Amino acid sequence: MAMGYLTMQARTAHDAVPLQGVQITVSDDEGNRVYELRTDESGETRRVPLETVDKSFSLNQDFTGTPYVSYNVLAQAEGFDSVYISGIPIYEGQNA
């Protein structure tokens, strides 16, 4: 299986202030936890590798399936509403 990447950013005040210590849970479409991360002082997580499909599928005009694998993210921090993002597409060799 091919690999793509994901980096999360947490900010507040109209993206002006990074949020440190936000708990990020990355899960697959079946609800399995893949990563538990925390944002650093710049409000970002480390870049993590995620399994996806080979990029040749997205370049094949006859391919009728989905040319990526989707992941979901739950972001939680004390004093803030939780944010759930579903269906983040991960493509081979790309950072989402």
message: Per residue of segment 65-81, what does 6.51 cos²θ - 1.76 cosθ + 1.60 with θ = phi - 60° give for ³J(HN,Hα)? Whole Hz please, x for Gly and Pro, Karplus curve as stated.
response: x, 8, x, 7, 10, 9, 10, 10, 10, 10, 10, 9, 8, 4, x, 10, 5
query: Using a simple charge model, +1 on the beta-carbon of Lys and Arg, -1 on the beta-carbon of Asp and Glu, nothing else, what dipole does the chain show about its Cα centre, in debye to the nearest 20?
result: 160 debye
query: How large, in percent, is the carbon and sulfur part of the accessible surface of the chain at a probe radius of 1.4 Å?
result: 45 percent
Helical mean residue ellipticity (222 nm; -39500 (n - 2.57) per DSSP H run of 4+; nearest 500) of the chain: -500 deg cm²/dmol
query: Distance in nm between label sites at Gln76 and Asp54, each 7 Å beyond Cα in the beta-carbon direction?
result: 3.9 nm
- line: For Cα extents along the principal axes in Å, with candidates (1) 48, 25, 20; (2) 47, 40, 21; (3) 35, 27, 21, the value calculated from the shown model is option (1)
task: Enter the accessible area per residue of the chain (Å², integer; probe 1.4 Å; all protein chains in place).
output: 66 Å²
Farthest positive-ward along the chain dipole, Cα basis, beta-carbon charges - from Ala96, Val73, Thr25: Ala96
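Which trypsin sites (Lys or Arg not before Pro) from segment 1-82 combine a DSSP loop assignment with at most 13 other Cβ atoms within 10 Å? Intermediate values should be presented prior to the final figure.
Values: sites: Arg11, Arg33, Arg38, Arg46, Arg47, Lys55; in loops: Arg46, Arg47, Lys55.
Listed in order of number, the matching sites are Arg46, Arg47.
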query: Which chymotrypsin sites (Phe, Trp or Tyr not before Pro) from segment 13-96 combine a DSSP loop assignment with at most 15 other Cβ atoms within 10 Å?
result: Phe63, Phe80
field: Neighbour count of at most 13 Cβ within 10 Å plus DSSP loop: longest GluC sites (Glu not before Pro)-free window in the chain
entry: 42-77
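The values are calculated or read from the model by the stated rules, or taken from the named source; none is laboratory data. The structure presented is a predicted model; accordingly, all values stated were derived computationally and were not measured. FYI the Cβ positions are ideal-geometry reconstructions off the backbone, even for glycines, and counts take in every protein chain you see. These area figures cover heavy atoms from the full protein model, side chains too; ligands, DNA and RNA do not enter into them. Shrake-Rupley method; radii C 1.70, N 1.55, O 1.52, S 1.80 Å.
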